[in-house]
Amino acid sequence: MRLTQGRYASIASTAALVIALGGTSYAAAVVTGADIKDDTVTTRDIKDETLRLKDFSSGAKTGLQGAPAPAGATGPEGPTGARGPVGATGPAGPISLTGSVGATGPAGPTGTRGATGATGTPGTAGGAGGAGGTPGETGLTGATGAKGPTGPSNVFSVFNYPGTVMVEAERMVLSLALQPGSYFVQSKAFGMRTAPGLGYFHCNLRGPGGTEDFSGAETPDVVDAYSNVSNQIVFTSTAAATVTLSCAGMSTTAMEKSLTAIKVGTLVSTAGPDVATGSVGPQSPQERAGAANR
């Protein structure tokens, strides 16, 4: 190591100490920087690795500093350090004068009903009501509703079994009173021969509005022989009505007479086509008599 002249004074005392300790005896005198001639102590006079930084003056230390070395490469990033302890809670912030409106809380229970207040003073009576307006015109009649279901059928019957002696003029043998409605009516009677000779038997069933049905038969010329006569009609009546069975005959007694009416929900009666062709042919005396009595 080489020292310059400027550094000599700084290491003089240290050099004197080294020289004094180089012999085997204790030096009685202390060698100082004044005892050493300038530029006489060289690097070879100093034992290697015997000087320390503290042995140099401040100026010498400054002179020993070399030029700054270039910055080295950035080292690798070190591992993440352990998480530090949680810091103390900071002071409370300032209190806001108006906070945001919170959500509506649940409804509380219904309170106890208060006492009924005193009755107030009655108010002044209202004025007289205005006169009623003129009635409006009657509205149009609505459409007829759907027809209801057909009701149950009703049957009405009357009968008479004992014999009724027939004469040429009609005699009413049965009658039946009926309430308003639609009906199917049927009758029947037996004509029994009471004497030989000319004999016949016919009956006429009549209802309201000119409704009627005529039928007749010639009884055999044998005592106690009989013939059967039956009739039927249909009609609708809006008022109460009476149905009658009238019979006439010669040498005959009417027996086993009956009259039955069935009330129906719906009745449709229409006239059929005229299928008559030519004359009706010869008639028996009983038929001629019956036609005359019609």
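Readers should treat all values here as calculations from the given coordinates under stated rules, not as data from a laboratory. Predicted, not measured: the structure shown is a model, and the values here were computed from it. Here the Cβ is made from the backbone with ideal geometry for all residues, glycine too, and neighbour counts use every protein chain on show.
Worth a mention:
- Rounded if a/c under 1.5, otherwise prolate or oblate - segment 72-223, Cα gyration tensor axes: prolate
- Rounded, prolate or oblate (a/c below 1.5 giving rounded, otherwise prolate when a/b exceeds b/c) for segment 227-278 by Cα gyration tensor: oblate
- Residues in segment 239-253 carry Karplus couplings, in order, of 10, 4, 9, 10, 9, 10, 10, 10, 10, 8, x, 9, 6, 9, 10 Hz; the curve used is 6.51 cos²θ - 1.76 cosθ + 1.60 with θ = phi - 60°, and Gly or Pro positions show x.
- Amide H contacts of Glu212 (H built 1.01 Å from N, in plane; Pro and chain starts excluded): Gly207 sit under 5 Å, all sequence-distant by 5 or more or on other chains.
- Listed by chain and number, the lysines whose alpha-carbon sits under 28 Å from that of Lys47, ignoring those within fewer than 8 places in the same chain, are Lys37, Lys61.
- A cut-off of 5 Å between modelled amide H atoms, ignoring neighbours fewer than 5 places along the same chain, links Thr252 with Met166, Thr194.
- Karplus-derived 3J(HN,Hα), 6.51/-1.76/1.60, for each residue of segment 131-142, Hz, glycine and proline x: 5, x, x, 5, x, x, 5, 5, x, 5, 5, x
- Mean-position separation - Cα centroids, segment 219-235 and segment 148-213, in angstrom: 12 Å
- For peptides 111-121, 256-266, sequence by mean Cβ density within 10 Å, most packed first: 256-266, 111-121
- Straight-line cross-link reach from Lys257 at under 16 Å between alpha-carbon atoms covers these lysines, not counting any fewer than eight positions away in the same chain: Lys188.
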